[in-house]
Each structure stands twice: as C-alpha cells, then as structure tokens.
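Just below is one structure, and these are the notes that go with it.
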Amino acid sequence: MTTDTPAPVTTRPESPFGKRGLLSGLAGVLALLLVAGAMLIWQTVRHADGSMRADLLEQARLVAGALDLEKVLALSGTAADLEAPAYRDIKKQLGALHRTHGRARFIYLLGQRPDGGLFFLADSEPAESQNLSPPGQPYEEASAGLLRVFATGTGTVEGPEADRWGTWVSALVPLFEPQTGRVAAVLGMDVDARRWQGAVLAAAAWPSVLTAALIASLALSFALAVARRRTLNFQTEIARARKQAEQAAAETERERRLLQTLLHAIPAPVFFKDRNGLYLGCNPAFEAITGKTEAEILGKRPHEIWPENYSSTYRDKDLELLKTGGKQQYEYQYAGPDGTARDVVFYKSAFQDSAGRVDGLVGVMLDISERKQAEEALRESEKKYRVLIDGLPDIVMRFDRDGRHLFVSDNISDLIDLPAARFIGRTHRELDFPEPACRFWEKAIQGVFDSKTPFETEFRFQGKQGEVVFNWRLIPEQDAHGEIRSVLSFCRNVTAHRKIEQDYHTLFREMLDGFALHEIIRDAAGRAIDYRFLAVNPAFERMTGLAAREIVGKTVLEVLPDTEPYWIERYAGVAETGDPVFFEEHARALEKYFAVTAFRPAPNQFASIFQDITERKQAEEALRKNEERYRSVLDNIETGYYEVDLAGNLTFFNPSLCKILGYPSDEAMGMNYKKYMAPETAKKVFQIFNHVFRTGETDKSFEWTLIKKNGEKCHVATSISLMRDTDGNPIGFRGIERDITEHKQAEAEKEKLSAQLIQARKMEAVGRLAGGVAHDFNNMLNVIVGHAELALDETRPDDPVCETLNEILGAARRSAEITRQLLAFARKQTIHPRVLDLNATMGDRLKVLQRLLGEDVDMAWTPGPDLWPVRMDPSQIDQVMANLLDNARDAIDGVGRVEIETDNVRLGPWDCVDCPGLVPGEYVRLSVRDTGRGMDRKTLDNLFEPFFTTKGVGEGTGLGLATVYGIIKQNNGFIYAASRPGQGTAFTVYLPRHAGAPEPAPSAKGQKAPAASGGTVLVVEDEASVLKLVQRVLERLGYNVLTALGPARAITMADEHQGTIDLLITDVIMPEMSGRDLAKTMKKRFPDLRVLYMSGYTADIIGRRGELEADVNFIQKPFSNQDMAEKVRDALKE
C-alpha cells in the first residue's frame, strides 16, 4: 500500500536583487551620486571662481597697460595734482576705462609713501561724486595682499574683503618705473562681492540640477526595474503566502512614496508623457513654472499648457524622441506664469513597455538663464577687451612657457606681412624670425616665468616700413593659485619718442636759450634755502660764463654767493606746486637781465629756460626815454594826435587834440568820432576809415569840420593810417589833426578879396566903358540940350516948335539919366555928400516913394530909434530907394506889401562870414522887404550885374540894381539880397556910421540965369560943337569969351592975349593935356586965374570916389544953360 507522502516544499533562494538588496543598492548608488554631485558642484564653483579671478586680473592688467605710464609717474599724490594736466589726463583715462568695464565698480591708483602708508593717486569717480578720493587721501584699509603687491611686484585678486564702501573682490596690478623696476603705483579694480558670488553660483547651478536629475532618474529606473521584476515573477511566486504578498504590496507602496518623495525633492522641473505626448505626471517644480496643478496638467497636450510660440517646438521635439527613442538634449525657452522668458536645457529620455516599444518619455528642465546671462556678460566683456586692445597703440601678445603665441592683436600686420592668426600656437622661431631676435625674446619670456616679476626693455626691429624701436613690457599672469599661467606682452612703438629724445639732446646741446636742471635744498623745517645744479647746457655756459664742470653738483650759493633770495623763493614755489612760471629779472651776481621760464620735471626739482635780455632791457630803457621824449613832443606840439579803435572811439590823444575839440581829456577818452562832427561829415569820415581799412593805405591830406563842445565849428586838416597788432591784424587808426580854421578864414578872405578884385576890375572896366561913353555921349547931349534951350528962348510959347523942342529936351535929359546911372554904377559920378539923418531924409520922400509903388502896394515905414548919422549925397538916397522900390513893384503881382525899416547894428567877425566884403563895425541898416514872387539862386548870383534884367525887351535897362550897388559901394557900404521863389525878396543895406552931426539941407537956387558981372573967360574944349555952344551961351550973358579947340591952342592964345583972363573953363579929358594940367600951366601966367572944370564923368584929378575937392569948381555934362550961368557966376565970385 502506498502512502502519499507530501511533496517536499522547495524554497526559492532570495535574489540578491530582492527588496532589501535593491534598496541597499539604491541607497549606495544614491550616496555615490550625492558625493559625486557635491564634488562636481564644489569643483565647478572653484573653477568658476578661479576663472573669474583670472579674467578680472587680466582685465586689470589690460587697463594698467592702457594707462600713460609717464603721466602716472608725474603724479605727486598731493592736492597740487588737482590742477596738473597729467592728473586730468589720467582721470579721463580712468573714467573712459571704467565706462568700458561696466562690471567694475571702482578703478583707482594707489601710491606708497616711504613710511609704508598708502594713499590715493587718482580714481575713476567723477568730480561731483561723494565717493571721490582726492590725490593724497590715505588708504587706511590696506590688506596684507595689497602690501604684498607693493613689496613683490606681483599682481593678485583678493576678497571678498569689506571696507567702508562695501564688500569687494579686488584685482591689484603693479605699475613699474622703467628705469628702476620698482613698483611706482598699484592699480585696483573692485567688483561688488554680491554680484561676484551670484555669478559663481549661477555657474554652479547646472551641476546641482544635473545631479538631482540623475538621482531622480536612477531612482525611477530602479523603481521601474523592481516593478517589472515583480511582474515577471508574479506567476512563480503565486504560491507564496498571502502574507508575503501583502508585505510585497506594502513594500511597493513604500517604494512609490519614496519615488514620489524623490520627485518632489528634485528642484528641477520633471514631467512624464505617454506615447501620444499627453502629460502623465510632474513634480511640484514643474507645477511652479507652469502655474498649474498636476491635476490640471494630466492628460493635456503641450499647446494646452504653454503658449503657441513655445508649444509647437515642444511638440515637434517630443514626436521626434517618441519616434526614435533614446535620449534628447536641447536648449530652448519657456514662459513662466508672469510671462517672463527663461532659458532652459531640456534633458529627455524615452522609456519602453515590456515589449520593448517606446511607451512614453520623461523630461527634466534645467534653468540656465543665469548662465546665459553670465556667458553674455563674458562675451560682452571679451568684446570690450577686444575693442580696448584694438584701440591700443601697442601690439598685445600672450605667451605660454614655451614662447608660443596664445594671443596676438590684429595690428601686428602693420609691422610685418603676417596676419595675427598665423602666430597662434607658434613660436617666433617657427615663424622664421631672425635667430638673434628669437633668442632675445625667448630669454626674456622665460625670465618672467622664472622670476614671476614684470620685465621691461627696448629693442629694434626691421619691419616692413623700416627700423622701429619698441618699448617691450612683459607682465606675468597668475591663476587663482598664484601660478604663472602666461605672460602678457605690450609692444609700443617709441621710435618717434626716441627721435624726440634724440632731438631733445641735440636741442639741449645746440639750443640758443640757456637751460639748467636743479633740485631744491631744504632745511630741517622743510624750507627752501638753496638749489643745486644738476645739469646745464652749453648756452648756459656762454650766457653766464660758468662752466658746467665747475658748477654741476654745487649749489647756487656756493657758485654765486650774492644770489638774491627771491630767485630761491620763486623756484621753490615751482617745485612745490608744479605750476610753471615766466618772469623777467635782473641777476645782480651776473649783472645781466634774464627772461626765465621755469617748470617742474620731477618732484622737488625745477628746470629753467632763460634768455639773456640785457640788450633788450637796455633797448627798452632807451625806448622808454624815447617815449618820454615822444610824449613830451606830443604834449607840447600844437598839432593834435589821436588813436581810435576800429569803431572810431578815441583811445589815445595828446592835449592839443583836446584843445582843438574843446573837451577835457576825461570826457574825450572813449568818445566816438560821430559826437564831434555833423552826420554828413561823419559819413564821409566813415568812408575814409573804410578805405584805409580795406587798402591799408594812409590818407594823408583831407579836411573836415569838427564841432567843438561849445558848438563852434573848427576846420582841421588830418591824416589817417591803419594800426596793426604784432600779428598784423588791424586794431584801429591813428593820425594827426591841424587846426586850420584861421587858414580857412584866410583862404575865405583871400577868395573874398579875389572876388572883390575881380568885381573891382569888372567895375573898372565898366567904369572905363562908362567914362568913354559919358565923355562922348554927354558932349553930344550937352550940344542938344544947350541948343534946344537957346531955341526955346528965341521962340514964342505958342509956337508949335516949342513942343518939338521940349520933346528934344526930354529925350536928351532921359539919355543923360542913363549915362548918369552908368557913372553911378562905376562910382564915377560926381557927388556932394553931407552928414544926414537917414530917418529924416526918408521921411521927406515917403509920399514920392508911395506914388512910385502905386495904389495896390502897401508901404510900411518903421524908422529905428536914435538912428546914427551917415554921410552921403541925398540924391543918391533917392536913386537907391527909387530903384529898390521900382524892383519891388515889378516883383509884386497885384496886391502886395513893401516894408522899409532902419536901425543901428554892430557887426562882429562872425556876422560878416557869410557876407564877403562886409567888415566888422557900426552901421545904419536900411531894410527893404517885399512880398513879391522872389528869385532863384541863379538870379541872385547875377542880380547886381550891369545890364542884367529879368524883364522883357524894352521894359528895363538892367542898370537899376547895378546903380544901387555902385552907389552903396561908393559910400563904403554893403548891400545884401536874400530871396526864395514864392517868398519875396529882402534887400539889406549897411551904411557906415558917421561921427559928425547931420547938416541942414542947402537952399534952393533961382530959376533965372544971372547976368554977367564982366570979365574974360577962356573956354577950352576938344569938341568943337560943345565949344561953340558954351561960347554962345556966355556971350549972351555978356562975358568976353575966348575959345580954344584944345590945350595947345589955349596956351598960345593966352600968350598972345594982351589983357587979363579971369576964368578958365576947360574940359577935363583932352587928347593933348588934361584939364587939370592945363589949369596949372595957365596959373603960372595968370596967378589969379579961376578955373571951372566940365566933363562927362569925374576923374581922380577932380576928386576921390567922385567926391569933389573943396576948392574945385565943376559942372557935369550935359548941363543946362542955367547951370552954366550959375557955375560961371559962382566961380568968378571966389
């Protein structure tokens, strides 16, 4: 019988990948990942910080290399630098470099005093900034690293360090003196520590996120693997006890929670999608960037979560990955809930189902915005550095330890025909440079690597444009650990500078000006007490007589003990302030004058450039004396001297000009020429100024009229020339002015006299003409009148012949009046002047004058009070008034008015200026004004000319006003006419005042011819008809008459006559002998002989100005028989 034995229960050994093993393995891997991630993050942070420090140090070196080292060395670190050009230039450079390096907050230069204290030389802050550090301000926050840079000459980056301005990471780079190699200054470049740490953390963000993503992915993979394993072994483990199943389920739940915890712990956004691209799940970080919950995301497509401009790319990338499987990585952007775009890296991986088909994908998003910004900032910084390097005149290179080129600036092609790219990775020898140059360059570069200190030298190189001299500076570049990573090279072309230096040395030797370099010597209190000669040039030796070998190294008081203290004081001021000075001074110790320019080439030193101006000073002294003499001449000459600016304002003048103008000097200074002349004159003067300004020619002879301060006019002759400054630019005008007022008056008087002479000659010619006419014409008229009167005496009044004879007499008398007017104009008529009262004379004739004017013309008579007496023939008054009123009547059309006025006047020199011929004195003025049609200037100019008339033919002789003119002139008077068309005419007559009292008028003569009282009369006449007439008249009167046709016959008859001759009647003008000479001859024979002259006009033998002499008997032709009888009777009574 068989017994059923239970089958043995076999227990499957537990897999090492069981629950506990899986978790242990997972924990180990996670621990390793955490450690590796932490190391990666630490290494990334360290590398980023070191790289940034190296970049900052390199930037600082580039900035230091861009500065003008000579100007940096010229800074003294005192307040005096604020006014120094070198300081202002360095400030501008630092400001420009600060703007170029926007990441740097401060750029500054520090100096070190002998006691070790640090101070500011200059910084990049503008003048108005509260953070400005002025020159000399102590730097009290000096760190050990900064002091080490001054001590070792090795640049470094230190920090973060805190000071009063904030917390900074600072790059410190030394600047070296070329000659000594000592550190002259340190350039500092500060970066805000917060921005620095932010950039470092940004650089380390992506390793952190990547580590978290890897851990999450690994955990997820493990979880999926466990789940799959359990699924595959589910069939085989069905027999396990339910307890084991429950334990497994619990374990699975724990793992799910662990996975969920891991997903929630990952800071990067994580998401899952199925094979259709629908979201299966996400972690809270993903919810945060989308602004949606997981429930809102599940089952949605990308375009339902993201904006279209992002979702289309997401969709395309998902489809690509789901199609091909594998992994995917790309950079893109996403928009957060606030719409801000962020840069991210997508890490995606496709997962498969149990059949190996792609079943979905898992993705992780790493935010790289900070890194992108850092990269952009780095690119921008590199761009600025490139701009900086391209803008430098230097050729910039970087070498590694083997002398290979790591960087070369593009301007290398200006030197040789090789592009910068050909240099990279090659040594000089590989580029076929000359072997001696290669050995020199390699030794210098290797020396900097070994010594870790900068190096500076010069070398010559034969470039494509000839030999070039380079200043070569090598600066070691350290990494964050202080190791020399590379050497930065600056090659500056100093060919021109060296040539200038050479020229300077040549100039130093050959210059004509003296040059000396000195240093100030001070006492214990710091006061300047002396100065030492450091160098002098040959010109100095020639000027001073001091040899360089004897004075260099000695002080001035050792060489010239008598040196005045002010030389030391003035030079000490230059050495202390740095302000250059120029002065002229006398050196008593050398007995010379010097013009000195002093400046500071280095602290506590001064250089002087000087010229021997002793001869110039002597010339100036001579010039000063000459100027004194010149001033003395100007002050004492009567000619005015003036200088004006280009606007015509007086800037300099002598006293004579003030006298000419009538202004005191204080009022004249600055006065414009327009103020002392009429506008018309000012326009002409401006034209002359303008001509002189444009041509530069001197106008030496022209005249103008000035108006003095008192209003008087002054005529001056002047000259104008252009004044120029030392550069030849016009600055004004100068000239002289001579008062020619008296000269002009003399010329006017000369012109007046000339006009009077011309007029006199004309009058003389007319007089001669009138005399000739009168002599012959009056003889004929005398015969006509005499015979007509004789005929009337023999004819009955009722005889018709009487009327004819009267007409003949009337015509003859009118003809005689014409000749009388001619003689009056020529001042040849015989006059009988007497002292009279013009008012009384005029008063007796008013009725006659009114009748002459007619009824339509009103006459107004205004006699002046207490009128002075005048001496004049009353008949001439009648002639003057008759002609003036006749002229007035003819000028008035219809009704009008004539005003006659007399008064006394005293005339001065100025009253006579406009009236040539009128002289100062006392006059009786007679004025005749009418309201007629007036006259124009042409008529006025010819008004008194004989035979000039504006009347029609037959209406006038043209002798009326000429007669008036002649009468007034014959009586030493003056007549003046003023008129304008339509405004009437005014005649003004000036008659000289006479000292005597008026004489009574003579009694009237009888009308009947007196009978003869006996006696013999000799009549001499060269005109036979006149001779017969006189004989007939006298014989009818009862006289014994002897007649002679000429003087010769008269003398003969006298000699033959046996009796006495009582009266000689003789013509004045005869061919053989004048009447006066005949009378003298006859009186020798007959001492008691009386003489009666007869003539057609008066002559000098009868009287002056036509005025008969007191003892002369005269009868004017033509005469009446009555006049002859009376004259003969009167002559015989004497």
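Points to keep in mind about this one:
Per-residue answers, yes or no, for (1) at pLDDT 85 or above; (2) outside the structural domain of P1047 (by TED's automatic domain parsing); (3) touching a Ser or Thr at 6+ places or on another chain (Cβ under 9 Å); (4) assigned to a helix (DSSP H, G or I):
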| site | (1), (2), (3), (4) |
| --- | --- |
| Q1058 | yes, no, no, no |
| I1061 | yes, no, yes, no |
| Y1097 | no, no, yes, no |
| A1110 | no, no, no, no |
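- Residue count, the stretch 902-937 (criterion: part of a strand (DSSP E or B) and touching a residue at least 40 places away in the same chain (Cβ under 8 Å)): 14
- Identity of the residue in the stretch 431-475, of a type in the set (F, W, Y) and in a strand (DSSP E or B), that ends up farthest from R61 (Cα to Cα): F461
- Restricting the stretch 307-339 to residues that are outside any strand (DSSP E or B), touching a strand residue (DSSP E or B) at 6+ places or on another chain (Cβ under 7 Å) and surrounded by 14 or more Cβ atoms within 10 Å (Cβ to Cβ), the residue that is modelled with the lowest pLDDT is Y310.
- Test set (1) assigned to a loop (DSSP other than H, G, I, E, B); (2) at pLDDT 80 or above; (3) surrounded by 15 or more Cβ atoms within 10 Å (Cβ to Cβ) - P981 fails condition number: (3)
- Qualifying residue in the stretch 499-514 (condition: small (G, A, S) and buried (at least 17 other Cβ atoms within 10 Å of the Cβ)): yes
- Filtered residues of the stretch 485-497 (kept if without any contact (Cβ under 8 Å) to a residue 40 or more places away in the chain and either outside any helix (DSSP H, G or I) or more than 41 Å from the chain's Cα centre (by Cα) (or both)): V494, T495
- A Cβ distance below 8 Å, combined with a sequence gap of six or more or placement on separate chains, defines the contacts here; from the stretch 1015-1031, residues that are among the β-branched types (V, I, T) reach residues that are assigned to a helix (DSSP H, G or I) and surrounded by fewer than 20 Cβ atoms within 10 Å (Cβ to Cβ) in the pairs V1019/Q1031; V1020/R1049.
- A single entry from L867, L846 fulfils the requirement of being among the hydrophobic types (A, V, I, L, M, F, W, C) and surrounded by 14 or more Cβ atoms within 10 Å (Cβ to Cβ): L867.
- Checking each residue in the stretch 627-651 for being of a type in the set (S, T, N, Q) and exposed (fewer than 12 other Cβ atoms within 10 Å of the Cβ) picks out S632, N636.
- Scanning the stretch 263-282 for any residue that is in a strand (DSSP E or B), crowded, with 20+ Cβ neighbours inside 10 Å and either free of Cβ contacts under 8 Å to residues at least 12 places away in the same chain or in contact with a Lys or Arg (Cβ under 8 Å, 6 or more places away or on another chain) (or both) turns up at least one such residue.
- The strands (runs of 3 or more DSSP E) found wholly in the stretch 78-169 and carrying at least 2 residues that are over 53 Å from the mean Cα position of the chain (by Cα), surrounded by 14 or more Cβ atoms within 10 Å (Cβ to Cβ) and assigned by TED's automatic domain parsing to the domain that holds V191 occupy 156-163.
- All helices (runs of 4 or more DSSP H) inside the stretch 537-613 with 1 or more residues being touching a residue at least 12 places away in the same chain (Cβ under 8 Å), buried (at least 17 other Cβ atoms within 10 Å of the Cβ) and in contact with a Ser or Thr (Cβ under 7 Å, 6 or more places away or on another chain): 556-559
- Among the candidates L991, L1018, L926, the residue that is at pLDDT 90 or above and either of a type outside the set (A, V, I, L, M, F, W, C) or under 30 Å from K1127 (Cα atoms) (or both) is uniquely L1018.
- Subset of the stretch 918-935 [surrounded by 15 or more Cβ atoms within 10 Å (Cβ to Cβ) and closer than 19 Å to I968 by Cβ]: L918, Y923, V924, R925, L926, S927, V928, R929, D930, M935
- Failed item, numbered, when A480 is tested on (1) aliphatic (A, V, I, L, M); (2) closer than 18 Å to V408 by Cβ; (3) at pLDDT below 90: (2)
- Residue within the stretch 741-758 that is within 30 Å of E643 (Cα to Cα), assigned to a strand (DSSP E or B), charged (D, E, K, R) and modelled with pLDDT of 75 or more present: no
- Taking every residue in the stretch 1051-1065 that is without any contact (Cβ under 8 Å) to a residue 40 or more places away in the chain and pairing it with any residue that is outside any strand (DSSP E or B), at least 6 positions away or on another chain, the pairs with Cβ-Cβ distances below 8 Å are I1051/L1078; I1051/T1081; I1051/M1082; A1054/I1061; A1054/M1082; A1054/R1085; A1054/F1086; D1055/R1085.
- Tally of residues being among the acidic types (D, E) and modelled with pLDDT under 70 across the stretch 805-852: 1
The values are calculated or read from the model by the stated rules, or taken from the named source; none is laboratory data. Bear in mind the structure is a predicted one, so any value in this text is a computation, not a measurement. All Cβ positions, even for glycine, are placed from backbone atoms using ideal geometry, and neighbour counts span all protein chains on display.
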